[in-house]
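**Q** Just passing along the structure, written as structure tokens.
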Amino acid sequence: MRFVENIASIGRQLTVGVKQMTSEFVRNIHLATAQRLKEQGADLYGIVEHFENVYMPMDELPQLLGQLGYPQQDLKQFLKNPGY
């Protein structure tokens, strides 16, 4: 019985690890897409719309936008009053 419990535990750990890797992988793809959109002239509203369209969790938005070079103060103001 102990062997089966150990195998089940390993399986759960692997599943969590794969989900985290996939999430990070997908997140990086959407971040790269947003970077291309910005380079092509998309404004902050367009970038946010992209993240919404791909169901990116909104609590991750400030960090993602920060990685794209948007100043944190601008983000705080934008997130309080998105206007779109």
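The values are calculated or read from the model by the stated rules, or taken from the named source; none is laboratory data. Everything numeric here is computed off the predicted structure, so don't read it as measured data. Cβ coordinates were reconstructed from backbone atoms using ideal geometry, including for glycine residues, and neighbour counts include every protein chain displayed.
**Q** Which ones in segment 64-84 are loosely packed, with under 13 Cβ neighbours inside 10 Å and modelled with pLDDT under 90?
**A** Passing the criteria: Pro71, Gln72, Gln73, Asp74, Lys76, Gln77, Lys80, Asn81, Pro82, Gly83, Tyr84.
**Q** Can you confirm whether segment 11-31 contains a residue that is touching a helix residue (DSSP H, G or I) at 6+ places or on another chain (Cβ under 7 Å), surrounded by 14 or more Cβ atoms within 10 Å (Cβ to Cβ) and at pLDDT 85 or above?
**A** Yes; the residues of segment 11-31 include at least one that is touching a helix residue (DSSP H, G or I) at 6+ places or on another chain (Cβ under 7 Å), surrounded by 14 or more Cβ atoms within 10 Å (Cβ to Cβ) and at pLDDT 85 or above.
**Q** Of the conditions (1) touching a residue at least 24 places away in the same chain (Cβ under 8 Å); (2) surrounded by fewer than 16 Cβ atoms within 10 Å (Cβ to Cβ); (3) of a type outside the set (Lys, Arg), Pro57 satisfies every one except a single condition; which number is it?
**A** (1)
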